1. Among the residues in the range 154-170, are any exposed (fewer than 12 other Cβ atoms within 10 Å of the Cβ), more than 18 Å from the chain's Cα centre (by Cα) and either within 20 Å of residue 228 (Cα to Cα) or not assigned by TED's automatic domain parsing to the domain that holds residue 221 (or both)?
2. Residue 202 - would you say it is modelled with pLDDT of 80 or more, closer than 14 Å to residue 247 by Cβ and not in a loop (DSSP other than H, G, I, E, B)?
3. Scan the range 222-232 and tell me whether some residue there is modelled with pLDDT of 75 or more, in a helix (DSSP H, G or I) and surrounded by fewer than 14 Cβ atoms within 10 Å (Cβ to Cβ).
4. Taking the condition touching a helix residue (DSSP H, G or I) at 6+ places or on another chain (Cβ under 9 Å), surrounded by 11 or more Cβ atoms within 10 Å (Cβ to Cβ) and within 23 Å of residue 172 (Cβ to Cβ), does residue 17 pass?
5. Test residue 181 against the criterion of being in a loop (DSSP other than H, G, I, E, B) and either modelled with pLDDT under 75 or surrounded by fewer than 18 Cβ atoms within 10 Å (Cβ to Cβ) (or both), and give yes or no.
6. Picking from 279, 215, which residue would you name as being surrounded by fewer than 19 Cβ atoms within 10 Å (Cβ to Cβ) and either modelled with pLDDT of 75 or more or part of a helix (DSSP H, G or I) (or both)?
């Protein structure tokens with residue numbers, strides 16, 4: 001079976017290489033191979049077959065016009081069908097964002113058709129409780145309203161860099177987290193000194209203190225673009241960070257409540273490290289080790305790298321793991337959340353937490 005899969009991947013890579021070299025016979029075979037996937041993707045977003053046919057022709061034309069450039073990244077690790085579906089999805093997304101300039105109603109209909117399942121999937125992942133159906137639906141509606149707000153400000157904020165699908169999914173996940181906080185987590189107040197600063201400074205405080213995003217200009221600029229829908233120069237971010245650092249040591253509550261901020265409670269892992277009870281600590285660490293062994297391979301690799309003696313900085317970590325820096329940060333958040341979920345309900349951890 002493995003040999004058969006390997007042979008298929010080799011054939012697909014060879015076919016794609018020939019297509020990128022511009023060989024007519026290979027292009028004809030390639031178009032025949034991907035036509036069914038293109039049609040299925042276009043039909044899913046079309047109201048009738050004629051519209052699907054026109055959209056399929058347009059997608060094929062876009063692929064031809066670019067010299068099939070999107071397939072340069074194909075490495076055979078996924079099937080050609082799966083990779084084609086992802087390429088078509090990104091092309092559809094880019095077409096939709098352009099459509100927002102001429103027909104916002106149609107653009108939004110297509111956008112929701114394309115990303116609606118992703119919104120529900122992300123909500124279900126964060127709210128797995130079977131009794132949360134009503135809350136899930138409320139959050140879905142709130143996320144849609146947030147995306148529509150201010151003439152689709154968040155969607156239009158895409159600056160053309162990287163995958164539009166990746167940008168949208170990060171934006172949606174941020175909105176879902178904020179909605180869950182507003183429904184479930186208690187609201188807290190900004191420190192008084194921070195509350196008196198501007199929107200940029202408050203957002204930076206929220207990102208660094210609450211969300212624990214590394215104090216790196218590139219990561220912060222990406223998150224600010226998602227949340228505030230505008231680009232900030234490194235000079236603006238550095239100046240705002242200076243003002244935040246100047247006041248962040250005084251955590252006197254302000255007189256006005258925040259929009260959706262919360263006090264960052266130490267995680268179970270943080271408490272584990274700080275505990276002075278050796279016996280309880282040892283038992284809790286064993287539970288943590290067992291939890292780590294249940295993680296997928298990429299998440300265990302991340303922990304192995306960051307917990308080593310010479311943990312690489314985020315950029316080097318991203319290079320080693322062959323991922324964008326922002327994906328490495330998302331991986332960190334996912335790993336920490338999983339570990340908290342896995343260990344917080346265990347009796348050994350509860351015994352350790354009791355005297356803390």
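The values are calculated or read from the model by the stated rules, or taken from the named source; none is laboratory data. Just so we're clear, the structure is a prediction, and the values are computed from it rather than from any experiment. Note that we place each Cβ from the backbone using ideal geometry, even for glycine, and neighbour counts take in every protein chain shown.
1. no
2. Yes, satisfied.
3. no
4. no
5. No, not satisfied.
6. On inspection, the qualifying residue turns out to be 279.
One line per residue, one yes/no per condition, for (1) more than 20 Å from residue 51 (Cα to Cα); (2) part of a helix (DSSP H, G or I); (3) modelled with pLDDT of 85 or more:
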site	(1), (2), (3)
86	yes, yes, yes
105	no, yes, yes
139	yes, yes, yes
153	yes, yes, yes
158	yes, no, no
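Okay, residues lined up against (1) touching a helix residue (DSSP H, G or I) at 6+ places or on another chain (Cβ under 6 Å); (2) modelled with pLDDT of 90 or more; (3) crowded, with 17+ Cβ neighbours inside 10 Å:
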{"site": "4", "(1), (2), (3)": "no, no, no"}
{"site": "27", "(1), (2), (3)": "yes, yes, yes"}
{"site": "34", "(1), (2), (3)": "yes, yes, yes"}
{"site": "46", "(1), (2), (3)": "yes, no, yes"}
{"site": "59", "(1), (2), (3)": "yes, yes, yes"}
{"site": "73", "(1), (2), (3)": "no, no, no"}
{"site": "82", "(1), (2), (3)": "no, no, no"}
{"site": "98", "(1), (2), (3)": "no, no, no"}
